[in-house]
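First the structure, in the form of structure tokens, and then the observations on it.
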Amino acid sequence: MMTAEQSEQIIRTGPGTLMGDYFRRYWIPALHDWELPEPDCPPVRVQLLGEKMVAFRDTEGRIGLIEEFCAHRGVSLWFGRNEECGLRCPYHGWKYDVNGNCTELPSEPEETGMRSRIKLKAYPTIEAGGVIWTYMGPPELQPEPPGLEWVNVAPERRYVTKRLQESNYLQAIEGGIDSSHVSFLHGSSLKRDPLFTGSRGNIYNEHDKMPIFDVAEFEGGLLIGARRNADEGRYYWRITPFIYPWHTIIPPRAGHPLGCHVWVPIDDENCWAWSINYHPRRALTEKETGAMKGGAGIHVKYVPGTFIPLANKTNDYLMDRAGQKAGVTFSGIEGIAMQDASLQESMGAVQDRTKEHLCSTDNGIIMMRRGLLKAAKAAREGKPVPGITAASQRVRSCSIELPYAVHYTEGAKHGLFAPPDTDPVTV
Amino acid sequence: MMTAEQSEQIIRTGPGTLMGDYFRRYWIPALHDWELPEPDCPPVRVQLLGEKMVAFRDTEGRIGLIEEFCAHRGVSLWFGRNEECGLRCPYHGWKYDVNGNCTELPSEPEETGMRSRIKLKAYPTIEAGGVIWTYMGPPELQPEPPGLEWVNVAPERRYVTKRLQESNYLQAIEGGIDSSHVSFLHGSSLKRDPLFTGSRGNIYNEHDKMPIFDVAEFEGGLLIGARRNADEGRYYWRITPFIYPWHTIIPPRAGHPLGCHVWVPIDDENCWAWSINYHPRRALTEKETGAMKGGAGIHVKYVPGTFIPLANKTNDYLMDRAGQKAGVTFSGIEGIAMQDASLQESMGAVQDRTKEHLCSTDNGIIMMRRGLLKAAKAAREGKPVPGITAASQRVRSCSIELPYAVHYTEGAKHGLFAPPDTDPVTV
Amino acid sequence: MMTAEQSEQIIRTGPGTLMGDYFRRYWIPALHDWELPEPDCPPVRVQLLGEKMVAFRDTEGRIGLIEEFCAHRGVSLWFGRNEECGLRCPYHGWKYDVNGNCTELPSEPEETGMRSRIKLKAYPTIEAGGVIWTYMGPPELQPEPPGLEWVNVAPERRYVTKRLQESNYLQAIEGGIDSSHVSFLHGSSLKRDPLFTGSRGNIYNEHDKMPIFDVAEFEGGLLIGARRNADEGRYYWRITPFIYPWHTIIPPRAGHPLGCHVWVPIDDENCWAWSINYHPRRALTEKETGAMKGGAGIHVKYVPGTFIPLANKTNDYLMDRAGQKAGVTFSGIEGIAMQDASLQESMGAVQDRTKEHLCSTDNGIIMMRRGLLKAAKAAREGKPVPGITAASQRVRSCSIELPYAVHYTEGAKHGLFAPPDTDPVTV
């Protein structure tokens, strides 16, 4: 349970807020690289942390991510002409380069010096892992590029989607680190989804519905260990890394690819659920990417031409009561991703945390909230923040059976901090 | 005319408000019994007096009406699994019985005692008259079940519907006790609607458009007598009972069934218009129920799968200007129910009563408002409230011709307070 | 750039506001005359300056423009019956004449005198130029009918439309007097649109994209001269009259009809863009009116049955990126009118003027804003306001080539203040 003040503090992410300033210290996934497929392609609207921007790729292939509205009279540059190394406002032809500098201001003689004083807010970007990332913080504090494993594997080993989630980011992250709901909400789907079947862990998940949560810190964040009973003197451990400030990695099953999420605030009532599958050692198979494209695993089907899930609030997520009754799904909603999203959105755009009742399986959530607030306060005080270096992000999820006496922080170390190009450690 | 303060007082119905606390002293129609057709059927969202709830029928057929959101992390239990005598949250499997008790809390060992401390707000329900009723007030003040005649007749003598009205409840009740608009708004439809035709009263209605309103009190509420000139030394009386806090009964016409309404706040900008036809002495005929199902009389056609009228604000209520011009309808809107609803919604979600100009035909409205506020204040002071006993609700509407010298409270007594299984007294 | 206070002052137009009181001093175009085609036709909802009204034409052909809501209980008179010289509320039959007087109040005996005390706000109207105009100001200050040339030419010389613009009126006016954007936004369309082609001016427009703005006052408002280089020692002048408080006239091209706008606030987030073509000397040709009906020039295609443009915010104005890339249009939006409207709406319902950067081509805008505020303050102090007499409105736009040494206020005088029935002075 949180007080109204605590809740307010952790959910707001606009400029100048505690969390907003903190999140601006990291590289933020802004859009797919294929949303800007070629030089001088159409600009794209982007909103992050409450700020409205427009992204474009200029004639030289450079990416710009600048304020959406022209400095002159406030026209949206989404209507702009992307040509000759700049985005030109269609109203009076003012033109901006990828750095937000005004390179042409045809309404005013150059001699007045006005042009050189006009500048739109612009954020640096990098392309990595199929994603265009941006950095919206103080320039002098810009970190090195993301060291996350999925970002750095060869493209054929990775599959990346994003979907709109109509809720605050926090209830989305909380779902991402919450192994305990898997036994319930996803129980039926685990048996059918081609990206989850065939793991002995699924049986342990089904038989032990009250995992013990054992949270440990590592350089980049938290290791959220969920311990269930396995066979003969052994525990089944599922270890979900939470990398500051919003990355989560699902513990793997059998030989399936790993699944990652990034939960990024659009504004305080909506977030992007970036959903990534990757295999650290091999290319994804056609069968795997086919399933992903079809909305299996952590991916979804979309309203055509949008990033809005086809099953959404306006259609009660295509609730199938017969399927729920028959146990085809546990909640009546099809698909792992929308099973989570439907429930998280049902809490309201912002969950009322003054009324919740947390229990021991919420230990990871409690630690993550505390960690986020602590890190944000550290940032405000000029102290170092966790998960900011590439090295600190080099962690994988892991699922493993260990003898009672061996703690996962020891027994699973080789799986969590594995060298590149190796198979996941998984059950 | 009311002051802004008076208006505010009478229209707000959330928890803790004057009217909200008062309404919670009565049995409230919550949903059709057929919305929960069998044990373990899908749960249904219900909102009353601003409170969001979920209704379900458990394995034993018991009905639960509990807070919508799980005590754990706030997920909507509408997504819940209704099974084995409880509604189970699909996120982590917490389970609640019809009394709101948490019967399973798989995330926590039983020894911690957490489960037994978790409880959702739950309201008692009864099934009566085809309707599931709930009581949302202090347990020690729970009244006996409704004594309304329509509730207690055999099912084949009754037909019950509900429709969403996008306005505050008060302007809906005001329409329900306002006999004077019948001569205008419904004039044309009375001549065509199979559930209203054939009454001599329709002719009096047409000829005398300025009824005298004569309001009397009875134990359960108000008798709103509307007096019109009839033939040779006689008055035509239409007597509309208003039973506290929101029941109204339309004066009957010829041998047609009686028509009743219950006007129940969903929130302060929407209400349920429960619409009931019943005949106290005989089964409804197939012709009658056929007409009702087709949207005749006080019933409507719906947007499929909803309780939203097909003719609604988004389509200007299917306004037919040619029909209005030709006098097929007076306002251009088809159907008695939507003729009322369209105008009441046109006042705005909450009518601005600081600008109204009431006149003598609004006498019933004035008395009803005063009565409601007086009763609500009495409730707050711990004094008895009217219309709370079953006996006090045993009243019928009546239409009758009486000699000039005979007041309706005497001359129509036998019709208003008639024994069961007798025909309505009607013209 | 404006302060938040200045902006607030100039954009608000409801009753009692500085601008609202000021605008109420003028005749306001309220609706097309053909929206009330005949006596006793259906009433029409009208909203102006934040006030909701209903317009009707009574049995004698007189036009009423009265408050929308019945004085009795607040029902919308849009549902009213228009019959026998009045609009009758369908609820209880109260009836109002075109002056807002209650002529029948059937709920109350005449002797009580109530009827004679009931009055709805009603505004005088006149029909002129195919438009029904209203005056919403103090009766003693009602001005003479509009003297605008387009209003007073023969009907066959004029074509009038209106469209909804989802923005505050001010950013719409600002577009209307801003000749500088023509070189950019409309550049491509000028070459194709049948109502703009064939003018030598289009070439000057294309070649000189940095016009010098030279603003002069005249009795009725401002003359906004935009000077571009023409051939051999001459300037090409485009002179846009702004007539207080919201009329603008586009400088003509070749032999095409003149184009006028009136930008009228509906509320503070929406306005009517009245769009008029007229030729002062001859009837419009069939080809011209055909093009106008098809949405060419300053007109648009509509969502059927509405005044909402077919290309609108909900469909991203039917953005055609390929056409934008190919230069078919400059912004990707088809049609002169929607090129303007899309950008003006993209600024937000109310442009944030605390962030704008005005330059020398915005001189007309700066002068117009100052002029409006000055006039509004004069009105408040009881001083004369500009553009209020018919004579002061007798001005035309003009486009002309003049030797360097001749200022347009001298050299174009004969074009700006031309006698009726003469050709426009145009290039």
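The values are calculated or read from the model by the stated rules, or taken from the named source; none is laboratory data. All figures in this text were calculated on a predicted structure; none of them were measured in a lab. Cβ coordinates were reconstructed from backbone atoms using ideal geometry, including for glycine residues, and neighbour counts include every protein chain displayed. The area values use the complete protein model at the heavy-atom level, side chains included, leaving out ligands, DNA and RNA. Shrake-Rupley method; radii C 1.70, N 1.55, O 1.52, S 1.80 Å.
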TODO: Answer yes or no as to whether B:ALA341 is open to solvent by less than 20 Å² (accessible area, probe 1.4 Å) and closer than 29 Å to B:GLN47 by Cβ.
DONE: yes
Open item on the list: If a residue must be within 10 Å of another protein chain (Cβ to nearest Cβ) and modelled with pLDDT of 95 or more, how many such residues does region C:310-328 contain?
Closed with: 7
- [ ] Could you please find all residues in region C:311-333 being out of contact with any helix residue (DSSP H, G or I) (no Cβ under 7 Å at 6 or more places or on another chain) and under 18 Å from C:GLY297 (Cα atoms)?
- [x] C:ASN312, C:LEU318
Open item on the list: I need the full set of residues from region A:322-359 which are within 19 Å of the chain's Cα centre (by Cα) and of a type in the set (D, E, K, R), in order please.
Closed with: A:ASP340, A:GLU345
- [ ] Identify, by number, the condition in (1) facing chain B (nearest Cβ under 9 Å); (2) out of contact with any strand residue (DSSP E or B) (no Cβ under 6 Å at 6 or more places or on another chain); (3) buried (at least 22 other Cβ atoms within 10 Å of the Cβ) that A:THR361 doesn't meet.
- [x] (2)
Open item on the list: For region B:325-338, which positions are under 25 Å from C:ARG115 (Cα atoms) and open to solvent by 10 Å² or more (accessible area, probe 1.4 Å)?
Closed with: B:PHE330
Task: Qualifying positions in region B:404-423 - open to solvent by 30 Å² or more (accessible area, probe 1.4 Å) and either touching a helix residue (DSSP H, G or I) at 6+ places or on another chain (Cβ under 8 Å) or not in a loop (DSSP other than H, G, I, E, B) (or both) - done: B:THR409, B:GLU410, B:LYS413, B:HIS414, B:PRO420
TODO: Please work out which residue is modelled with the lowest pLDDT, limiting yourself to region C:168-226 and to residues that are closer than 18 Å to C:SER331 by Cα and among the hydroxyl-bearing types (Ser, Thr, Tyr).
DONE: C:SER179
Task: Output for region A:83-137, where each listed residue is β-branched (Val, Ile, Thr) and under 37 Å from the mean Cα position of the chain (by Cα) - done: A:VAL98, A:THR103, A:ILE118, A:THR125, A:ILE126, A:VAL131, A:ILE132, A:THR134
TODO: Tell me which of these A:HIS299 doesn't satisfy, since it passes every other one: (1) away from chain B (no Cβ under 12 Å); (2) more than 25 Å from A:PHE196 (Cα to Cα).
DONE: (2)
- [ ] Take region A:169-211 and flag every residue that is over 14 Å from A:ALA254 (Cα atoms) and assigned to a loop (DSSP other than H, G, I, E, B).
- [x] A:ILE177, A:ASP178, A:PHE184, A:LEU185, A:HIS186, A:ASP208, A:LYS209, A:MET210, A:PRO211
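Here's the yes/no breakdown for (1) modelled with pLDDT of 95 or more; (2) open to solvent by 20 Å² or more (accessible area, probe 1.4 Å); (3) more than 20 Å from the chain's Cα centre (by Cα):
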| residue | (1), (2), (3) |
| --- | --- |
| A:ARG370 | yes, yes, no |
| A:LEU373 | yes, yes, no |
| A:LYS383 | yes, yes, yes |
| A:ALA391 | yes, yes, no |
| A:SER397 | yes, no, no |
| A:LEU402 | yes, no, yes |
| A:VAL425 | yes, yes, yes |
Task: In region C:161-209, the residues that are more than 13 Å from chain A (Cβ to nearest Cβ), among the hydroxyl-bearing types (Ser, Thr, Tyr) and within 21 Å of C:TYR235 (Cα to Cα) - done: C:THR197, C:SER199, C:TYR204
TODO: From C:PRO280, C:PRO252, C:PRO265, grab the single residue that is in a strand (DSSP E or B) and either modelled with pLDDT of 95 or more or assigned by TED's automatic domain parsing to the domain that holds C:ALA154 (or both).
DONE: C:PRO265
Task: Wholly within region B:317-383, helices (runs of 4 or more DSSP H) carrying at least 1 residues that are in contact (Cβ under 8 Å) with a residue 12 or more places away in the chain and at negative phi - done: B:336-346, B:363-380
Open item on the list: Residues to consider are C:THR314, C:THR354, C:THR289; find the one that is over 19 Å from A:GLY93 (Cβ atoms), open to solvent by 60 Å² or more (accessible area, probe 1.4 Å) and of a type in the set (S, T, N, Q).
Closed with: C:THR314
Open item on the list: Checking the conditions here, which among C:ARG238, C:ARG192 is in the same structural domain as C:PRO386 (by TED's automatic domain parsing), closer than 30 Å to C:ALA326 by Cα and open to solvent by less than 40 Å² (accessible area, probe 1.4 Å)?
Closed with: C:ARG238
